Amino acid sequence: MVLAARNPMKSEGILPREVPVVDFSGERAEVAKVIVKACEEYGFFKVINHGISKEVIAKSEEAGFGFFGKPMVEKKVAVPAYGCKNIGVNGDMGEVEYLLLSATTDSIAHISKTISTDPLNLRKSLSAYTEAVKELACEILEVMAEGLGVPDTWVFSRLIRDGESDSVLRLNHYPPIINRDKDKSSQITKVGFGEHSDPQILTILRSNDVGGLQISLPDGVWIPVTPDPSAFYVNVGDVLQVMTNGRFVSVRHRAMTNSYKCRMSVAYFGAPPLHQTIVAPSVMVTPQRPSLFRPFTWAEYKKATYSLRLGDTRLQLFRNCKR
C-alpha cells in the first residue's frame, strides 16, 4: 500500500489564531465540554491552572538546558537516548537534538547516572516532572471520558496508569540557526521537527518562551502556537483517535526553528502497554457510526510507526475494511 506523506515544506497558509484554552480549575462538566469540543475540532488545546508547581517545571527546564549545554562528546555518552538531527531510522532529519527516555523511575535513574555529575538531583527533577505530567494526562483523559459519556471513566487513563505502560519523555532542543547572510536583520526559519502526528494516546507538552510549534488544520492551514511557559499543551494522539472511533482527531504538527534564540520543549507521550489491544469502547460504536478501525495491539501500531517516514499517515493501515 502506498502511504500519503504530506510535504512539510510546501507553501501552506499560515493563519494566526488562538488555540482552545482549558482552565482546568473550572467547573468539571464545563471543562469536559470544552475539552471534547477542542479535541473534535483541533485535536489540540492549551491547559492553564493545571496544578503543577512552578518549582517542578523550573527544575525540569534547568535539567534540560544543563544537558544540552554540554559539549557534544559528553552528550554522545547518552546514545541511543541522545540524538542529533536524525529523527528515527528512516532518513528523516531536522534541526533538533533530543533526549528520549522511558517514563519510568528506573530509566530516568539510569540515564541520570550516565549523563550527570549530580545524578541524584537530576533523577529527582526529571522523576518529579514525569509523575506530575503523567497525573495531569490521566486527569485530562478521565474528564474526556466523562465528556464523551463513557461509563468507565478510566477507560483511557488506565492504559497510562498501567505499570507496563510504554510512555516516554522526550526533551527537544532547537538551537538557533546561524544567519550567514550579509543582511543580519533577516530571520532564518527552518524545520526543526517535521510534520507528523503522535502515535500514542495523549501528549503533554511544555516549552520555554520561544515560539516554533505549529499545528495543522484539516484544510492544510497552519496555526503558529504562541508560547506560554506557564501552561501545558495537549495533543490528541493516533491511539486516542481510534479509541474515540474517530470523534477526536490526532493533530498533525511540526516545530520550526529561528535565527535568534534556542527553543526547548519537554513532551510526555502517554502510551499503553505493548500487549494492549486498542479498540473503541462499545458506547463509541453505534449503527450510525460503525467501528472505523480494526483491533490491533500497541506493539503492532508502534512497529508500523517505526517502519514509516515521519510524515506518513499510519491510521489508514488499520482502517476497518468492512465499512
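Structure summary
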quantity: Total formal charge among the other residues, if their Cβ is under 12 angstrom from that of Lys85, Lys/Arg +1 and Asp/Glu -1; calculated: -2
quantity: Lys, Arg +1 and Asp, Glu -1 on Cβ, resulting dipole of the chain about Cα centre, debye, nearest 20; calculated: 880 debye
quantity: Length-normalised contact order of the range 235-323 in % [C-alpha pairs under 8 Å, at least 6 apart]; calculated: 28 percent
quantity: Structure-based [θ]222 nm, the chain - -39500 (n - 2.57) summed over DSSP H runs of at least 4, per residue, nearest 500; calculated: -9000 deg cm²/dmol
quantity: For a label point 7 Å along the Cα-to-beta-carbon line of Glu40, residues of the range 249-281 with backbone N under 16 Å; calculated: 249-250
quantity: Two-decimal ratio, the range 32-75, of alpha-carbon radius of gyration to 2.2 N^0.38 Å; calculated: 1.83
quantity: Fully extended contour minus Cα-Cα distance, from Leu274 to Arg309, at 0.36 nm per residue; calculated: 10.5 nm
quantity: Cα-based helix-to-principal-axis angle, 119-148 vs the chain, degrees rounded to 10; calculated: 30 degrees
quantity: Solvent-accessible surface ranking, highest first, for Cys321, Cys39, Cys262 at 1.4 angstrom; calculated: Cys321, Cys262, Cys39
quantity: Karplus (6.51, -1.76, 1.60) ³J(HN,Hα), θ = phi - 60°, over the range 71-88, in Hz, Gly and Pro reported as x; calculated: x, 4, 4, 6, 5, 5, 4, 7, 4, x, 5, 9, x, 9, 6, 6, 10, x
quantity: Dipole of the chain, positive end: most advanced residue of Phe269, Ile160, Leu120 [Cβ charges, Cα centre]; calculated: Phe269
quantity: Check: the range 16-58 dipole with +1 on Lys, Arg Cβ and -1 on Asp, Glu Cβ, in debye; calculated: 60 debye
quantity: With Cα atoms, 0 to 90° folded angle of helix 298-307 axis to the chain main axis; calculated: 50 degrees
quantity: Rounded Å value of the spacing that divides the Cα centres of the range 158-177 and the range 250-323; calculated: 15 Å
quantity: Between helix 28-41 and the chain: long-axis angle, C-alpha atoms, 0 to 90°, nearest 10; calculated: 80 degrees
quantity: Relative contact order computed over the chain (Cα-Cα under 8 Å; 6+ residues apart), in percent; calculated: 23 percent
quantity: For the range 19-316: accessible area per residue (Å², 1.4 Å); calculated: 43 Å²
quantity: Residue (of Ala109, Thr297, Tyr174) at the positive-pole extreme of the range 19-316, dipole from beta-carbon charges; calculated: Tyr174
quantity: Packing-based ranking, highest mean first, of 237-244, 296-303 given that Cβ atoms within 10 Å are counted; calculated: 237-244, 296-303
quantity: Fully extended contour minus Cα-Cα distance, from Lys190 to Thr105, at 0.36 nm per residue; calculated: 27.1 nm
quantity: Stretch gain in nm, segment Lys85-Glu55, where the contour uses 0.36 nm per residue and the Cα spacing is subtracted; calculated: 7.8 nm
quantity: Rounded percent of accessible protein surface that carbon and sulfur make up, the range 19-316, 1.4 Å probe; calculated: 55 percent
quantity: Computed magnitude of the charge dipole of the range 150-259 (debye, nearest 20; Cβ of K, R +1, Cβ of D, E -1); calculated: 340 debye
quantity: Dimensions (Å) - the range 188-323, Cα atoms, principal axes, largest first; calculated: 52, 29, 26
quantity: Amide H partners (placed H, <5 Å) of Ser259, local residues excluded; calculated: Ile177, Ile188
quantity: Options [x] 0.98; [y] 1.12; [z] 1.07 - which one matches Cα Rg over 2.2 N^0.38 Å as calculated here; calculated: [x]
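The values are calculated or read from the model by the stated rules, or taken from the named source; none is laboratory data. The structure presented is a predicted model; accordingly, all values stated were derived computationally and were not measured. Backbone-built Cβ (ideal geometry, glycine too); neighbour counts: all protein chains shown. For accessibility, only protein heavy atoms count, side chains too; no ligands or nucleic acids. Shrake-Rupley method; radii C 1.70, N 1.55, O 1.52, S 1.80 Å.
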